[in-house]
Amino acid sequence: MDMNYNEQVVYRCKLHWGIFLAPVFSALGFMIPVLAYTWLMSDFMEKMSPLGVQIHFPWLLLLLPGLAVGTILFLAVLVAYIKSEVVLTESRLRFKVGWLSLGSTEILLTKIETITLWEPLVGRLFGYGTVSVTGTGGAVFRLRYLPKPEYFHSLLQSIMNGGAPASRSQGVKESLKNLEEMHARYMPKG
């Protein structure tokens, strides 16, 4: 996302790699039952075949639908990951999300009413979450799969509370310094 404005970029990120967990688990959800059934049936067929004659069935062909679904989901999420970006400047928040239909949104920080942080259990384990931003018109923008969502949430709040636009640049620098000190003190590295 190109910033054509004379503004200081405060924060820029791509989506968290956790976005890939859903397609991987979806593919596994298709494939694990087939693999279990194949293993059980091969053992059964080996024991029950008359005179030791092996009866072979291409059980692995049953995996193809799971592999196809997993591959399609993975490619769709990969495109979304590559195309998505979040940029926070001194006065606006811009983000691009999507894969089939790419949406780009820009909201002035003065037009934001509420900011909500949501971290699901898996997100807390892997370091991603959702920050929802509600504008003055009531529109809600959900920034899903943000890395370090608590940092982004705190940073966005501190910039919004930074004062008048003329003093905002200094307020942003001080907010960044304070947040970095706080996170270095309380957040584990890694």
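The values are calculated or read from the model by the stated rules, or taken from the named source; none is laboratory data. Owing to the predicted nature of the structure, the values given are computational and were not obtained by experimental measurement. As a convention, Cβ positions derive from the backbone with ideal geometry for all residues, glycine included, and neighbour counts pool all protein chains shown.
Descriptive notes on the structure:
- Taking the stretch 63-102 as the range and being touching a residue at least 40 places away in the same chain (Cβ under 8 Å) and among the basic types (Lys, Arg) as the test, the residues that pass are ARG92, ARG94, LYS96.
Rundown of residues vs (1) modelled with pLDDT under 75; (2) surrounded by 15 or more Cβ atoms within 10 Å (Cβ to Cβ); (3) aromatic (Phe, Trp, Tyr); (4) not assigned by TED's automatic domain parsing to the domain that holds VAL97, yes/no style:
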{"site": "GLY29", "(1), (2), (3), (4)": "no, no, no, yes"}
{"site": "LEU35", "(1), (2), (3), (4)": "yes, yes, no, yes"}
{"site": "LEU40", "(1), (2), (3), (4)": "yes, no, no, yes"}
{"site": "MET48", "(1), (2), (3), (4)": "yes, no, no, yes"}
{"site": "GLY52", "(1), (2), (3), (4)": "yes, no, no, yes"}
{"site": "PHE57", "(1), (2), (3), (4)": "yes, no, yes, yes"}
{"site": "LEU64", "(1), (2), (3), (4)": "no, no, no, yes"}
{"site": "LEU67", "(1), (2), (3), (4)": "no, no, no, yes"}
{"site": "THR71", "(1), (2), (3), (4)": "no, no, no, yes"}
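- Whenever a residue of the stretch 103-120 is touching a residue at least 40 places away in the same chain (Cβ under 8 Å) and at negative phi, its partners that are of a type in the set (Val, Ile, Thr) and part of a strand (DSSP E or B), lying with C-beta atoms within less than 9 angstrom and at least six residues away or across chains, give the pairs SER104/VAL97; LEU109/THR89; ILE112/VAL133; ILE112/THR134; ILE115/VAL131; ILE115/VAL133; ILE115/THR134.
- Of the residues making up the stretch 110-125, those that are surrounded by fewer than 16 Cβ atoms within 10 Å (Cβ to Cβ) and part of a helix (DSSP H, G or I) number 6.
- Extreme residue, nearest to the chain's Cα centre (by Cα), among residues of the stretch 133-144 that are surrounded by 12 or more Cβ atoms within 10 Å (Cβ to Cβ) and closer than 18 Å to ASN161 by Cβ: VAL133
- Hits in the stretch 139-174 (condition: in a helix (DSSP H, G or I) and at pLDDT below 65): PRO165, ALA166, SER167, ARG168, SER169, GLN170, GLY171, VAL172
- Scope the stretch 85-109; condition surrounded by 15 or more Cβ atoms within 10 Å (Cβ to Cβ), at pLDDT below 90 and not in a strand (DSSP E or B); matching residues: GLU90, SER91, TRP99
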